[in-house]
Structure formats: C-alpha cells, structure tokens
1. Suppose the filter is assigned to a loop (DSSP other than H, G, I, E, B) and within 20 Å of the chain's Cα centre (by Cα); does A:Lys115 pass it?
2. Does region B:160-178 include one or more residues that are more than 16 Å from ligand 1 (Cβ to nearest atom), within 15 Å of the chain's Cα centre (by Cα) and away from chain A (no Cβ under 14 Å)?
3. For region B:1-23, give me the residue count where each residue is within 14 Å of chain A (Cβ to nearest Cβ) and among the small types (Gly, Ala, Ser).
4. Provide a single number: the residues in region A:17-29 that are out of contact with any Cys (no Cβ under 9 Å at 6 or more places or on another chain), within 12 Å of ligand 2 (Cβ to nearest atom) and not hydroxyl-bearing (Ser, Thr, Tyr).
5. Kindly provide the set of residues from region B:199-209 that are in contact (Cβ under 8 Å) with a residue 60 or more places away in the chain and either away from chain A (no Cβ under 14 Å) or over 18 Å from B:Val235 (Cβ atoms) (or both), ordered by number.
6. Which residue, of A:Arg227, A:Arg205, is among the basic types (Lys, Arg) and either within 16 Å of ligand 3 (Cβ to nearest atom) or in contact with a helix residue (DSSP H, G or I) (Cβ under 9 Å, 6 or more places away or on another chain) (or both)?
7. For region A:142-153, check the following and say yes or no: at least one residue is among the basic types (Lys, Arg), assigned to a loop (DSSP other than H, G, I, E, B) and free of Cβ contacts under 8 Å to residues at least 60 places away in the same chain.
8. Residues in region B:220-231: is at least one farther than 25 Å from A:Asn272 by Cα, touching a His at 6+ places or on another chain (Cβ under 7 Å) and either modelled with pLDDT of 95 or more or assigned by TED's automatic domain parsing to the domain that holds B:Val168 (or both)?
Amino acid sequence: MVKTAVSLSGIQLENPVIPASGTFGFGYEFAEWYDINCLGAISVKGTTREPRFGNPAPRIAETPGGMLNAVGLQNPGIDKVVAEELPRLRQIYSKPILANISGFSMDEFVECCAKADASPHTNIIEVNVSCPNVHHGGMSFGTDPNMVYNVTKSVKAVCHKPVYVKLSPNVTDIVSIAKACKEGGADGLSLINTLMGMRLDIKKRKPILANLTGGLSGPAVFPVAVRMIWQVYEAVNLPIIGMGGVQSAEDVIEMMLAGATAVQVGAANLANPYACKEIIDNLPIVMERLGIQDIKEIIGGAH
Amino acid sequence: MKRGLFTVEVNEKLAPGTFRMVLAGDTSAITGPGQFVNIALEGKFLRRPISVCDYAEGSLTIVYKVVGKGTEQMSGMTAGTVLDILTGLGNGYDLDKSGQTPLLIGGGAGVPPMYNLARKLVSQGKQPSVILGFNKAEELFLKEEFEALGVAVTVATADGSLGVKGFVTDAMPAEGYTHIYTCGPEPMLKAIYDKSVTSGQFSFEERMGCGFGACMGCTCKTKYGNKRICREGPVLEKEEIIW
Ligand SMILES: Cc1cc2nc3c(=O)[nH]c(=O)nc-3n(C[C@H](O)[C@H](O)[C@H](O)COP(=O)(O)OP(=O)(O)OC[C@H]3O[C@@H](n4cnc5c(N)ncnc54)[C@H](O)[C@@H]3O)c2cc1C
Ligand SMILES: Cc1cc2nc3c(=O)[nH]c(=O)nc-3n(C[C@H](O)[C@H](O)[C@H](O)COP(=O)(O)O)c2cc1C
Ligand code: FES
C-alpha cells in the first residue's frame, strides 16, 4: 500500500487532492455524484463581506483546452457562509475545509478572515488577493508586493488557523509577490488563480463575456502553473498548494515534483463531476507504476 | 443526475442544419420534459447542453441545430459512436399547472422540448395545442410528430413561406388556453410573456460551465431570488421572470 497522506501546516490530509474554490460550490452538488469524504480537503466558494450577485451573463466562454469565467465572486456573504453554508457542508463532510476569502479593501479582508477563522468548521484560511483594491484605483491587491504584504500581515493578526495566500498569475514577477507573503507571515501559498483572458464572438463582432474579460483555467494553463510553482519553491520556504489545469493523477505528481505539497483541481470538476474522485482513485495506481511509496517524498523532487 | 455512456443509434437530418439523434443508454435520472442533458465531446473542454426532446426507458432523443464546432462535430457522428452524457439536469416543466388546454410554443431550437411535454400532457388527457416558429419553411421539423400525437399544430414562419406569416406571437390566440409552456430565443420568450394572458413556464438558455449547479456560471436574477439556469431552471415561472 502506497502512502498518499500529506500535511499542510499541521492539518492532515488523507490525500493531496482538493477541489479548487469556485468550482465546487459548498460541496452539496458533488455529494449527489459521490461521497465527498474521499477528498483530501475542500476549498469552498470565494466569500466576501456582503452578498454578491456577481457579473452579468454570459459569464462562461470555452477556450482551447479550458474556459474563461467571469462569475464575479457570486456568494451569499461571509455571515451566511459561516452561519448556514459551512454547517450544512459539515453535516455531510468531515474532512478539512479551506475557507476562501476575497476582499475589495483591507477592512473587508480582515473582517471576513476573522469570521472565517472563528468558525468551528474551517481549518485553513485561503486568502484570494486577485480582486481589485477599491482604495487603490482598482489595482489588484495581488499584483503589488506592498499590498500583498499588508493584507497578509493584517489577516495574520486576526487568524489563529493557518493562512494561505492565493496568488494571481497576472504579474511579471511571481517570486517577489510570494516573498512578500512570507514576510507578512503567511503559513503557505496557493497558486495559481486564473489568467486574465478574452474571447470574441466573430459573428456578432463582440466579446462573448458580458464582463468583456474573464479568468482562464483548465489544462491550457497547466504549464504556466508548473513553472510558477517551480520558481516559488526555489525562492520561498513555504508549503505550496499547487493548482491550474490539473486533470489527472499524473498532473498531481508533476505539480508535487515542481514543489506543491497538495494540489487543487478546478475547472476539471465542471467538465467531469467525478474528476477529483477519479484522480484520487487513480493516484495509488500511478504511484505504484512510478515506484513512489510515499507521496510526501516527491514534494519538490524535481529540483 | 447521472453520468452515463450512450450509444448513437440514429443521427439523421430533419432539415438543413437540424439533426435528430437517438441514443441508447440509462435514462433513469430524467424526471420529465424540459430537462436537459450535457454532452461531452472529444476535443472540447466544456459539455454541450441539449434539451431532452423525448425519452423512454433505455432511449433518449435529442434534436439539435448546428451552430458551431461542437454541434458540427455531433452532426458527423455515425451509429455506434459512444458519448459521455450527464442526464437529469435542470428542473423541467411542471405538468400539474397546465389546466385542460395548455398552449405550447417552441421557436427554432426551442421546439424539441415541446415534444415530450406534448406527449405527456396528451397521455394525461389534456388537450394541448402547439405553435411552432421558424424563419422559413425549409427549417420546419417535428410537425408531423406532433400531429401524430393528435394535437393541433400551427406553424409560423418569419418570411411567410409556410403557415402564419410572422412570429409565433402572430399565431397566438387572444385567449382560450389555460397555461403557456414555451422555449426559444429570448426575444421570442419576451414577446410571448407580453402577449400571454395566463400563467406560464418559460425555458431559458445560458452559457454553462458545469450544468449541474457547481460553478455559478449561469445565474440569473428572478423575483424569487438568484437562480441557476442549470439547476433551479431552465424553466422559470412567468411571475418570477425579470427581463
Ligand atoms: C438548457 C439548454 C438546452 C438547450 N437545448 C438545445 C436543443 O434542444 N437543441 C439545440 O439545437 N440547442 C440547444 N441548446 C443550445 C446548445 O447548447 C448550443 O447550440 C450548443 O452548445 C452550441 O455548441 P457549439 O459547439 O456548436 O457552438 P460554439 O459556439 O462553438 O460553442 C462554444 C461554447 O458556447 C456554448 N454555447 C454556444 N451557444 C450556446 C447557447 N445557445 N446556449 C448555451 N451555450 C451555448 C457551447 O456550449 C460552448 O461551450 C440548449 C442550450 C441550453 C442552455
Ligand atoms: C468558475 C470558476 C470560479 C472560480 N471562483 C474562484 C473563487 O471564488 N475564488 C478563488 O480563489 N478562485 C476561484 N477560481 C479559480 C480556481 O480556484 C483556480 O485557482 C483556477 O481555476 C485554476 O485551476 P484550474 O485550472 O484547475 O481551474 C474559480 C475558477 C473557476 C473556473
Ligand atoms: S452552469 Fe455551473 S452552476 Fe449552472
């Protein structure tokens, strides 16, 4: 029997496979397809202070090897997530939960992370810094090392649980952002979020998405994710949750060899509701084939 | 909801660019007319949502229009091709609200779901009448199948090449029906909404990520709160629709 367990800042996962935020809702829909307790952990839908409807439709466009989404963080707001969604998920699911928090201001990050941290149902706080900062001319928090440092430090000050900062790939130097997280006191890093993209309808001669642009994810972004995980692993000594285009147990292993301690699966869940389960079922078989006894031992193994 | 492998049995042209595909597979997750299936296609990342046109135990019929690369790929499939399909998606039409003489209106690619609905209503002893809308006569499909159910069919074509000249609303009676069931392009749904005098159920299309409620890709606002077209839809009650 091969060993698939990994640990994220002391949180034990039976396997390294975690559905990515925004592609798994709060888990209930997937519980209709399979028993979600097979998952290593779940990262739930990105949550903000106020309830958000998100962007107008269309919000989805297909791309070669992936998709664009401009959902725009539709969520019921942190109070409802803590009071209703997480307890409801806990009724059917007993493994670790990553609360995924977004904010458009420093105050919002701090308030939401504190509330998520205080919930008995959360295990890790995953801070999504890809949103625009309304107090800084709409520039994304995640593109400026100073803003990332400030968010991390402020959030760490109010959280007792491990804080993982989720990085945007839409930057020129991912390493400087990762270093800013480390200086701010982050316990770990999640990368990558979606890459900004756009599609046009050539018959209508207009953008497909009502929001004009959207975030690219799916297998098309896998090599970008592997490269960024590799670079960050070389430069920063923090556990990494890797994601971006993972579709198979082989992809999980490749990302872990690049430096990831655990791996999230996003868009693949939408194309195939059984994606995570199939990857988890396949992982031991692929490990055997590759002569991997204990998955922990391959983390960063390609460096 | 269920994922299953379906085998293409028939894939035939009904009109230029419109095909009927009959598939063999497990249909036990389908709960009623107005639901849709989500079809995985080789080389395409997202599945293609298509309405259930008709179903029976072990058999699923869909009718689709070729509008892009995915549906073009489907049109070339031969008998024996195996497809990975999610079934039992969406809410479907509520038959209990029909009254005795419901009016069913389908426009273009919105015609197919009306077929199983009409068949079910007839089997319940209701007297549905059907209006089918097309751009021109050569696009017509399923008319004979509806007539074989014994329902009255009125055809409207935008160019007047067959039946009533104009839109489906030009073929709508002023009254005499007990409920509206409809599916088609949004401007058509809006026109029916404005003209209809009874309650009704309207089926909407949206671009989908998953088709089963996970991604929030298809959410719309209604008077009863946010609804996912793939889950709380695609059928919305007339009274809740916000245009
Ligand atoms: C609930 C529902 C039921 C449907 N039922 C039918 C039916 O019975 N018969 C039929 O002919 N068509 C139906 N459609 C429309 C059908 O889904 C699209 O025509 C089809 O997805 C186009 O795929 P494509 O690859 O040929 O087009 P492309 O334009 O190449 O597709 C690119 C992407 O856009 C999506 N897309 C394009 N047009 C639409 C559309 N109108 N609605 C939703 N997604 C779209 C595709 O799914 C794909 O992800 C239905 C749509 C929905 C949402
Ligand atoms: C429909 C959709 C919604 C998403 N919503 C969120 C979100 O709310 N918060 C977040 O941090 N990331 C969100 N993401 C990004 C994913 O969590 C993930 O980082 C990204 O999609 C890359 O992984 P993938 O290629 O496996 O999808 C979303 C992605 C998709 C496709
Ligand atoms: S398409 Fe994913 S929630 Fe409706």
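The values are calculated or read from the model by the stated rules, or taken from the named source; none is laboratory data. Note that the coordinates shown come from a computational prediction; the quantities given were computed from them, not determined experimentally. All Cβ positions, even for glycine, are placed from backbone atoms using ideal geometry, and neighbour counts span all protein chains on display.
1. no
2. Checking region B:160-178: not a single residue is more than 16 Å from ligand 1 (Cβ to nearest atom), within 15 Å of the chain's Cα centre (by Cα) and away from chain A (no Cβ under 14 Å).
3. 1
4. The total comes to 2.
5. B:Ser199, B:Gln201, B:Ser203, B:Gly209
6. A:Arg227 is the lone residue from the list that is among the basic types (Lys, Arg) and either within 16 Å of ligand 3 (Cβ to nearest atom) or in contact with a helix residue (DSSP H, G or I) (Cβ under 9 Å, 6 or more places away or on another chain) (or both).
7. no
8. Looking for residues that are farther than 25 Å from A:Asn272 by Cα, touching a His at 6+ places or on another chain (Cβ under 7 Å) and either modelled with pLDDT of 95 or more or assigned by TED's automatic domain parsing to the domain that holds B:Val168 (or both), one finds none in region B:220-231, hence no.
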